[in-house]
1. Within the group Ala184, Ala197, which residue is touching a Gly at 6+ places or on another chain (Cβ under 6 Å), small (Gly, Ala, Ser) and at negative phi?
2. Can you tell me which residue within region 133-154, out of those that are part of a helix (DSSP H, G or I) and at pLDDT below 65, is nearest to Arg182 (Cα to Cα)?
3. Considering region 174-194 alone, what residues qualify as being farther than 15 Å from Leu158 by Cα, at pLDDT 90 or above and out of contact with any Cys (no Cβ under 8 Å at 6 or more places or on another chain)?
4. Given the condition at pLDDT 90 or above and of a type in the set (A, V, I, L, M), answer yes or no: does some residue in region 217-224 qualify?
5. For region 156-253, which fully contained strands (runs of 3 or more DSSP E) count at least 2 residues that are crowded, with 18+ Cβ neighbours inside 10 Å?
6. Just a yes or no: is a residue in region 170-178 touching an Asp or Glu at 6+ places or on another chain (Cβ under 7 Å) and aliphatic (A, V, I, L, M)?
7. Residue by residue through region 60-106, note down the ones that are free of Cβ contacts under 8 Å to residues at least 12 places away in the same chain and closer than 18 Å to Leu200 by Cα.
8. So which pairs qualify, if the first residue must be in region 167-186 and under 17 Å from Gln63 (Cα atoms), the second must be part of a loop (DSSP other than H, G, I, E, B) and at pLDDT 90 or above, the Cβ gap must be under 9 Å, and the two must be at least 6 apart or on different chains?
Amino acid sequence: MEQKNRTILVIAIAITVIAAVLVSFGLPALTGQVPEVSLPDISQEATGGGDILPVEVTPDTVQNVIATLSRPESCYRELTVSLYWAGGSSATKIQIWRDGDYVKTVSGGGGVTQHRLVGDGKLCLWYGGDKTWKETAADEDSFDLAQRIPTYEDVLALDKSAITNAGYQVKNNKDCIFVEVRDADLGYLDRYWVETATGLLCAAETLADGVTVYTMTEDALRTPLEGGVTFELPDGTVLHESSAVQEKDGSQS
């Protein structure tokens, strides 16, 4: 499982770098990446005012702590993913709508807008202005790969030997579990901030030889998703429509 995650990581980084270069020349390409996550040591209290997990985060407990978190089944998010390379950079804005087993994303950067939709057992991809789409069968990884950001599940599959630091930190005024992971083979240092209140990754960064090459920041979050949001294909076919059902008590909002 760990080897699978690292393979996905290597492929995603390669795609990301190539995409950044292509976008800088105005060519259509994918942007974004799926780096890995992990965790250990530090036991400082967060002070951002949110919910604090009442346990110490250590190399021995961190994966158990992360396993207690759960993500909202219905939400809307806005993210900014930035890539940096010698002599340039690019920024991609990503919107994410999730409702149950359906997720759709719209990402834009370099004049290109990409749409992804996962649901009904399918993963569909198209670009702004398209009336047709590419379709593949969705698998257990499709939901998270569609968002193109790591999640707390990735932490559970990692070898503890890759973890260099972890603990509670405040990031962007949110109480988070901080995770730092070093990949000796690729020479990357990955840092992640998982919000304790939502189980969502709200910030991340990757450094190569001490230089920042990737950052991700959550700009907005709404949960649950309001009613009437459609998950549809570019030809107008609606696969799903949100009902704004509250997650905890099942009542209509």
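The values are calculated or read from the model by the stated rules, or taken from the named source; none is laboratory data. Keep in mind it's a predicted model, so treat the numbers as computed, not measured. Here the Cβ is made from the backbone with ideal geometry for all residues, glycine too, and neighbour counts use every protein chain on show.
1. Every option except Ala197 fails the conditions.
2. The first filter runs over region 133-154 and keeps only residues part of a helix (DSSP H, G or I), leaving 142-147, 152-154.
Within this subset, residues satisfying the condition of being at pLDDT below 65 are 142-147, 152.
Values: Ser142: 26, Phe143: 26, Asp144: 22, Leu145: 22, Ala146: 25, Gln147: 23, Tyr152: 17 Å.
Selected residue: Tyr152.
3. Asp175, Tyr188
4. Residues of region 217-224 at pLDDT 90 or above: 217-224.
Checking which are of a type in the set (A, V, I, L, M) leaves us with 220-221.
Within region 217-224, one or more residues are at pLDDT 90 or above and of a type in the set (A, V, I, L, M).
5. On the way: elements: 163-171, 174-183, 188-195, 201-208, 211-222, 230-232, 238-241.
Passing ranges, in order: 163-171, 174-183, 188-195, 201-208, 211-222.
6. Restricting attention to region 170-178, the residues satisfying the condition of being touching an Asp or Glu at 6+ places or on another chain (Cβ under 7 Å) are 174-176.
Cutting the leftovers down to aliphatic (A, V, I, L, M) gives us none.
No, region 170-178 has no match at all.
7. Result: Asn64, single match.
8. Taking only residues 6 or more apart or on different chains, the pairs are Tyr168/Thr196; Cys176/Thr196; Ile177/Thr196.
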